[in-house]
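So the structure is just underneath, and the comments pick up after that.
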Amino acid sequence: MSRLVGQELPPQVLEQLSGRNLRGHFGRVIPVVTVDAAGFPHPALLSYGEVVALDARRIGMATYADSTTANNMRQNGRLTLLLVEPEGTYYIKGTVRERPGGLPAFPGLAQWKMRVEQVLEDATRSDVEGEARIASGIRFGAGPGGAALLQQWEMLIAALRRAA
């Protein structure tokens, strides 16, 4: 059951999205949800190399500029990020705006700034779910190109921070 935490990222989430531990978050996925023109939820997946907390109220992000997610955000300016991990499950809701000019060093990517409006924490109810807990979030494997991808993430996170 989820409960309202507030209008800013709690310290543990701020640290989780700080970009300081990309190696530790390598392979983890951040699901996001936008709303399409027909009013349906549209899920997508981002990585920890595409999302960085700039402070407790602002998050920088990169998405493909021509994606459905990007087009949905352009149309209605809303986004929900889901952090679903054994350490905790959080739903971060906010408004987004695209930064003009994108990210010149990363052609094809759009740059976004999210203003955190609401943070919810989801936890099991022991009276109903007993000892049930999240065991793992969504993961990906990078294969032999993992080191290069991690280096690209580091450069992208640095670019998102500079543009803040």
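For L109, the amide hydrogen comes within under 5 Å of the amide hydrogens of A65, L103, counting only partners 5 or more places away or on other chains and with H modelled in the peptide plane. Each residue of the stretch 47-52 was assigned a 3J(HN,Hα) from its phi angle through the Karplus curve 6.51 cos²θ - 1.76 cosθ + 1.60 (θ = phi - 60°); the sequence is 10, 5, x, 10, 9, 9 Hz, with glycine and proline shown as x. For Q75 and D122, a Förster radius of 35 Å and the Cβ-Cβ distance give a FRET efficiency of 0.80, rounded to the nearest 0.05. With the convex hull drawn around the C-alpha atoms of the chain, the volume per residue stands at 120 Å³. When the trypsin sites (Lys or Arg not before Pro) in the stretch 7-57 are filtered for DSSP coil states and for at most 15 other beta-carbon atoms within 10 Å of their beta-carbon, the remaining sites are R20, R57.
On C-alpha positions alone, give me the angle between the axis of helix 146-162 and the longest principal axis of the chain, in degrees, nearest 10. Orientation of helix 146-162: about 80 degrees from the principal axis.
For the stretch 27-87, the pair-distance distribution built from all alpha carbon pairs, in bins 10 Å wide starting at 0, is 21, 54, 23, 2 percent. Residue-wise HN-Hα couplings along the stretch 2-17, as the Karplus relation 6.51 cos²θ - 1.76 cosθ + 1.60 with θ = phi - 60° gives them from phi, are 8, 9, 5, 9, x, 10, 8, 5, x, x, 5, 6, 4, 5, 4, 9 Hz; Gly and Pro carry x.
Can you show me the helix-derived [θ] at 222 nm for the chain, built from DSSP H runs with n ≥ 4 at -39,500 (n - 2.57) apiece and divided by the number of residues, rounded to the nearest 500.
Taking each H run of at least 4 residues, the total per residue is -6500 deg cm²/dmol.
Here, each number is a calculation from the coordinates, and none is a lab measurement. Quick caveat, the model's predicted, so the values are computed rather than measured. So basically every Cβ, Gly included, is an ideal-geometry build from the backbone, and we count neighbours across all protein chains shown.
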